[in-house]
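The structure under discussion appears below in the form of structure tokens.
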């Protein structure tokens, strides 16, 4: 096999799939990339057995006589291969395997490399995805959805199910839910094209990769299957294992009524929280929110730093209230809301609050925040 | 079953009449049975001799204070009877019923009946092991006392008898004595405790409190009698079980948990008149209260100011204030040197020679800490024998005289002590600590051998100073070979950094190797803990409520503990609600652990509460979080430090309450005393 393609394209593709390379593994093959010809393209694959990443790029392929057929390829250690491509001049790169075997020759300009790989047959094949549901979302919408929930994913490995994002596809609507038991974010969107219905818990890491890979212009096709999910984004395909288990009944967490409603300007609120958080950081991030007429007072105090008091305008429905939240949780959600205003729906100081955007897509998103209490 | 044996109402009436006579006489004598109406009805009766039942009830007032006192007396009986297995069953913490079952030697029918009479057995049958006053100091009062204030049933059988004897007693009167079938040993069933002393009944505490008394009691007994199997059941739940083991450490593990037991260092000190043995925890393990300190004199649990103070002084440099190490300390002393009859329940003792006991305990603990891995091994060897630690304190004197005559030592001593004397810490230790609360006994001939060689003793004409001196010297020795206390830090010089990991420094006495990460960790930890306690005091614990309440499935024993301590858990930030059976719902968790495995933390706390029901503190989340944070913030192994940075770190470290171990319990510094170095290079000693 002989293949030729621009260095820049190959470098980008290698970097893309490189995200799936296993950092530390007892299986040496997992630190390698698989490079295989496919028609007029080169297909690059990397995996850590949790996630598979495939990327194709156009190339001039010349099959040599001793090639056994289509799909035959070679492997190369991902780190070396990436570093090498990063250092080569911006010219066409020629990949060659004249003697077969596991060594690949890389020729670019006046540089020649011989890189030692492992047998390509050892490379684990991605699992077959037989989807029970497939749907397509504009990249812009998908990215937005992921951003809206990803911050609420738990990092606590003792409750694995919460380290993923719940994905529900039914009819023409898709929903993403994430919670770390202290807050819960739910985002809904309408799907242009799709069929079937399915529920899956996608690892946060895979969601992060989708967020990184997809551009606003891409159309992303998501296929959900038993145990796996596939994301087709432009020329890149990502297959990820799903987290098994039952996601908690999130609907029960969302309060259905509220007696107080605070309407706030998003930017102003976010800035006030950010300023209060500087002091709150030292006292478990606790920020107290208190209504005083048309003002909302944010305050925080700490034994080692001091105290802070912030006032912002608020439009209030219902009685005065005082409630404490984790400043970081407020910052997280205020950081992803893009509307000009938000409402905070509250009941009592020890009952959950809901933060929603106002205006466009107001019904598509909510974030439940649990209060803090001083004992 | 025995209720049918006799009609109860007339009996009660009879008792009531007896009581009237008792009260108007007993009250002026100070036995507060305030039945005012009987007092007013009988203004001027003649003095009469109390009948036996009355006398027993008076005794009961002293000995039988609460259900756990009954347990104590009966279990001690069982132990005296040579039992290897003692089982206690309580209903409502003993308020409704107490059963104590043993497999001891049992009693003959005659003995059993006799045992119910006051003073009978202890005097007449002194050959009988059961009531030998030398065993647990039983005065023959407890059994009649218990009998006089409850419904008591005794089933006892000796191995050589064919049948068991069953005796039913109510309010002190023997109702029936019958033969019955039973295994060898004795079973006491006490019901309706204090039925005829309503005042006492009224002042009983809540069931959990009374139960804690009983659990604490069995914990202490199993520590003292580690070969005996103990089991405590409460309303069908197993509260404590200990199978008995030859190694006393197993008892420590059963009482305070295996993790604590792992951190215990054995201690041992022998002198002709007394010996100290037991276990003490390394400074890394400590409790907020003294409840995890158990001290025993000749196998009897006591509270002794002398012993406690000696213990504390030995720990003074190592423990943060208000923290108490765990210990089980057994003092064996010749019976004639201790008076146990100070207090009716014998909780207090008096020593004929307080000073001896003090120094024995102090030395035992100090030696244990030095040999037990707290201060690393380089310096262990010279400090092992008590005599050597004396020589060690003279690290400042010319090398060659160190091992020579004590006359020489005497001359050098004042010099060696000068830097310590004016310091408040040393003065508190030597002066106040010794002479004030514990008025020194006249110079003791029964004094431990090590002391006799002490220079202060011989040289000082005044006995009080003689007593104070050795201790001061001992304190000096302690700090000098660690070479690191408030007084000496000024002369600590940083020499270099090794492998970007260890600080090399020297003091007047020793070369020190200090782990920079651990040292910094300790500094940050103490600084933050101070901050945290301030915060906690001012604003309380911040709890983060959970959107998804977590369920917790517990073992029955754990569930009971959680049920009882829900308030305490809440104060620590864990809001837990019962959810039926042994399931609980966690509604909120401390904010400091909200992003960690908070259920794991909670489980750890619950486990601790179950295994160590005596440890009533719940600071764990804070502390765990602070330890984690300080570890993350500290300089790491491999970080190069400038001389200024290192000096600052050591200056900070010297201010710490415990500059010897990191919060995880790892040692901070290794010390190579100059003396030791000189010896290794053959500059002193035999060559």
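The values are calculated or read from the model by the stated rules, or taken from the named source; none is laboratory data. This one's a predicted model, so the numbers in the text were calculated from it and none came from an experiment. Neighbour counts are summed over all protein chains in view; Cβ atoms, including those assigned to glycine, are modelled from backbone coordinates with ideal geometry.
Observations on the structure shown:
- Top-ranked residue of region B:563-586 - restricted to ones that are in a helix (DSSP H, G or I) and within 13 Å of chain A (Cβ to nearest Cβ), ranked as surrounded by the fewest Cβ atoms within 10 Å (Cβ to Cβ): B:567
- Of the helices (runs of 4 or more DSSP H) lying entirely inside region B:175-269, the ones with 3 or more residues being buried (at least 20 other Cβ atoms within 10 Å of the Cβ) and in contact (Cβ under 8 Å) with a residue 12 or more places away in the chain are found at B:207-224, B:248-256.
- Residue check for residue A:344: assigned by TED's automatic domain parsing to the domain that holds residue A:363, in contact (Cβ under 8 Å) with a residue 60 or more places away in the chain, surrounded by 20 or more Cβ atoms within 10 Å (Cβ to Cβ) and assigned to a strand (DSSP E or B): yes
- Screening residue A:245 on (1) surrounded by 14 or more Cβ atoms within 10 Å (Cβ to Cβ); (2) in contact with a strand residue (DSSP E or B) (Cβ under 9 Å, 6 or more places away or on another chain) shows it passes everything except condition (1).
- Tally of residues being assigned to a loop (DSSP other than H, G, I, E, B) and over 26 Å from residue B:548 (Cα atoms) across region A:222-256: 4
- Residues that are at pLDDT 95 or above and outside any helix (DSSP H, G or I) within region A:201-219 comprise A:201, A:202, A:203, listed in sequence order.
- Total residues in region A:356-374, condition closer than 18 Å to residue A:331 by Cβ and within 13 Å of another protein chain (Cβ to nearest Cβ): 7
- Test: residue in region A:156-167 that is more than 14 Å from every other protein chain (Cβ to nearest Cβ), over 12 Å from the mean Cα position of the chain (by Cα) and either assigned to a loop (DSSP other than H, G, I, E, B) or at pLDDT 95 or above (or both): yes
- Here residue A:177 fulfils each of the conditions (1) more than 14 Å from the chain's Cα centre (by Cα); (2) within 14 Å of another protein chain (Cβ to nearest Cβ); (3) assigned to a strand (DSSP E or B) apart from (1).
- Considering region A:221-260, the residues that are within 14 Å of chain B (Cβ to nearest Cβ) and in contact (Cβ under 8 Å) with a residue 40 or more places away in the chain include one that is farthest from residue A:41 (Cα to Cα), namely A:255.
- Options B:122, B:126; residue that is assigned to a loop (DSSP other than H, G, I, E, B), modelled with pLDDT under 85 and more than 22 Å from residue B:198 (Cβ to Cβ): B:126
- Matching residues, region A:287-308, being out of contact with any strand residue (DSSP E or B) (no Cβ under 7 Å at 6 or more places or on another chain), in a strand (DSSP E or B) and within 14 Å of chain B (Cβ to nearest Cβ): A:302, A:306
- Some residue of region B:307-324 being at pLDDT 75 or above, touching a strand residue (DSSP E or B) at 6+ places or on another chain (Cβ under 6 Å) and under 23 Å from residue B:525 (Cα atoms): yes
- Which numbered condition residue A:334 misses (of (1) away from chain B (no Cβ under 14 Å); (2) buried (at least 16 other Cβ atoms within 10 Å of the Cβ); (3) modelled with pLDDT under 95): (3)
- Residue A:136 falls short on exactly one of the conditions (1) assigned to a strand (DSSP E or B); (2) more than 30 Å from the chain's Cα centre (by Cα), and that condition is (2).
Residue by residue, here is whether (1) in contact with a strand residue (DSSP E or B) (Cβ under 7 Å, 6 or more places away or on another chain); (2) modelled with pLDDT under 85; (3) facing chain A (nearest Cβ under 7 Å); (4) in a helix (DSSP H, G or I) holds:
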| position | (1), (2), (3), (4) |
| --- | --- |
| B:513 | yes, no, no, no |
| B:517 | no, no, no, yes |
| B:522 | no, yes, no, yes |
| B:526 | no, yes, no, yes |
| B:531 | no, yes, yes, yes |
| B:534 | no, yes, yes, yes |
| B:546 | yes, no, yes, no |
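- Filtered residues of region A:289-309 (kept if modelled with pLDDT of 90 or more, surrounded by 20 or more Cβ atoms within 10 Å (Cβ to Cβ) and farther than 23 Å from residue A:358 by Cα): A:300
- Filtered by the rule that a residue be touching a residue at least 40 places away in the same chain (Cβ under 8 Å) and touching a strand residue (DSSP E or B) at 6+ places or on another chain (Cβ under 7 Å), region A:314-328 gives A:314, A:315, A:316, A:317, A:318, A:319, A:321, A:323, A:324, A:325, A:326, A:327.
- Within region A:310-324, being buried (at least 20 other Cβ atoms within 10 Å of the Cβ) and either in a loop (DSSP other than H, G, I, E, B) or not assigned by TED's automatic domain parsing to the domain that holds residue A:365 (or both) holds for one residue alone: A:314.
- Elements of type strands (runs of 3 or more DSSP E) in region A:11-119, at least 2 residues being free of Cβ contacts under 8 Å to residues at least 12 places away in the same chain: A:111-116
- Among the residues listed as A:272, A:276, A:327, A:284, the single one being under 33 Å from the mean Cα position of the chain (by Cα), more than 14 Å from chain B (Cβ to nearest Cβ), buried (at least 19 other Cβ atoms within 10 Å of the Cβ) and under 27 Å from residue B:570 (Cα atoms): A:276
- If you go through region B:270-290 and pick out every residue that is assigned to a loop (DSSP other than H, G, I, E, B) and closer than 30 Å to residue B:94 by Cβ, you end up with 2.
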